[in-house]
1. State yes or no: is Glu88 in contact with a strand residue (DSSP E or B) (Cβ under 8 Å, 6 or more places away or on another chain) and acidic (Asp, Glu)?
2. Considering only region 62-72, state which residues are out of contact with any Gly (no Cβ under 6 Å at 6 or more places or on another chain) and either surrounded by 14 or more Cβ atoms within 10 Å (Cβ to Cβ) or of a type in the set (Lys, Arg) (or both).
3. Would you confirm, using the coordinates I've provided, whether Ile74 is in a loop (DSSP other than H, G, I, E, B), of a type in the set (Val, Ile, Thr) and closer than 19 Å to Arg117 by Cβ?
4. Looking at region 38-61, can you tell me whether even one residue there is in contact (Cβ under 8 Å) with a residue 60 or more places away in the chain, in a helix (DSSP H, G or I) and open to solvent by 70 Å² or more (accessible area, probe 1.4 Å)?
5. Would you please name the residue that is surrounded by the most Cβ atoms within 10 Å (Cβ to Cβ), looking only at residues in region 1-29 that are farther than 17 Å from Leu120 by Cα and among the small types (Gly, Ala, Ser)?
6. Can you confirm whether region 4-13 contains a residue that is over 12 Å from the mean Cα position of the chain (by Cα), over 30 Å from Pro99 (Cα atoms) and assigned to a helix (DSSP H, G or I)?
7. From the list Pro93, Pro99, Pro128, pick out the single residue that is closer than 30 Å to Arg57 by Cβ and either open to solvent by 30 Å² or more (accessible area, probe 1.4 Å) or small (Gly, Ala, Ser) (or both).
8. For region 89-105, how many residues meet the condition of being of a type in the set (D, E, K, R) and modelled with pLDDT under 95?
Amino acid sequence: MKTLFAAYRVTDLDRSLRFYAALGYVELGRVEVGDGSRLVILKFPGEPAASLELVHRPADGRVDVGSGIDHLAIQVDTLTVTLKTLAEASMEPEPVQYPGGPHGPKTSWLTDPDGYRIELVEWPFGHPEGITAADFS
């Protein structure tokens, strides 16, 4: 088994699509569910398959993120370049943090239009992609 993707319910599909496009996501496909509800499947250009689904159900009203979902983590090649690109798209990422100390990963936080938190992560040179068991030994 493997995780296919995360799915976020969104209030304004067009606004959310602009936000996630500015992050670098591209649309893989759409599904019209009925009653005006739509699912939009997204991925990053280098990914072989979907990694995020935006669920738009207008009849359900405005999204209340609540306290159940903490955040979505996105690996970036170069955090400095990513933050510059986001600023040019009128987005406001938070300052760079070093949660593992000066030789660990660099992170920055961003909030989407519905209040979902996104952690942008740049691994130190030589670190494998993603988090592995080696990160805990």
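The values are calculated or read from the model by the stated rules, or taken from the named source; none is laboratory data. Here the structure is a predicted model, which means the values were calculated and not measured. Please note: Cβ atoms are built from the backbone with ideal geometry, for glycine as well, and neighbour counts cover all protein chains shown. The area values use the complete protein model at the heavy-atom level, side chains included, leaving out ligands, DNA and RNA. Shrake-Rupley method; radii C 1.70, N 1.55, O 1.52, S 1.80 Å.
1. no
2. Listed by number, the residues that qualify are Arg62, Val63, Leu72.
3. no
4. No; the residues of region 38-61 include none that is in contact (Cβ under 8 Å) with a residue 60 or more places away in the chain, in a helix (DSSP H, G or I) and open to solvent by 70 Å² or more (accessible area, probe 1.4 Å).
5. The qualifying residue surrounded by the most Cβ atoms within 10 Å (Cβ to Cβ) is Ser16.
6. yes
7. Unique residue meeting the criteria: Pro93.
8. Result for region 89-105: 1.
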